[in-house]
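Just below is one structure, and these are the notes that go with it.
The values are calculated or read from the model by the stated rules, or taken from the named source; none is laboratory data. Quick caveat: nothing in here was measured; it's all calculated off a predicted structure. Note that we place each Cβ from the backbone using ideal geometry, even for glycine, and neighbour counts take in every protein chain shown.
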Amino acid sequence: MPIRLKKLIGTILLVALVIIYALIASAVAVTRLAEYGSMAHFLFFLFSGLLWVLPAMVIIKWLIIEPRPKG
């Protein structure tokens, strides 16, 4: 796969990941955290704010892997 195409796909995947993850995290916060206190909100947003990094790391790792030499 050409490196430029790989970077384009990776960029689109990262942007989509951030948008979808933010929407899901916000929806969960609105529906599940309404009756809890501020500490629960803080902990939820702390962990959910860090959790998106794991799938992003997988995408970035895929981006930096060198293509296998042909032959």
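The residue that is nearest to the chain's Cα centre (by Cα), among those in segment 62-71 that are exposed (fewer than 10 other Cβ atoms within 10 Å of the Cβ) and on the phi < 0 side of the Ramachandran plot, is I64.
Taking first residues from segment 19-34 that are over 17 Å from V53 (Cβ atoms) and partners that are surrounded by 12 or more Cβ atoms within 10 Å (Cβ to Cβ) and among the small types (G, A, S), the Cβ contacts under 7 Å between residues at least 6 apart in sequence or on separate chains come to L33/A40. Applying the criterion of being surrounded by fewer than 13 Cβ atoms within 10 Å (Cβ to Cβ) and hydrophobic (A, V, I, L, M, F, W, C) to the residues of segment 19-38, the residue that is modelled with the lowest pLDDT is A34.
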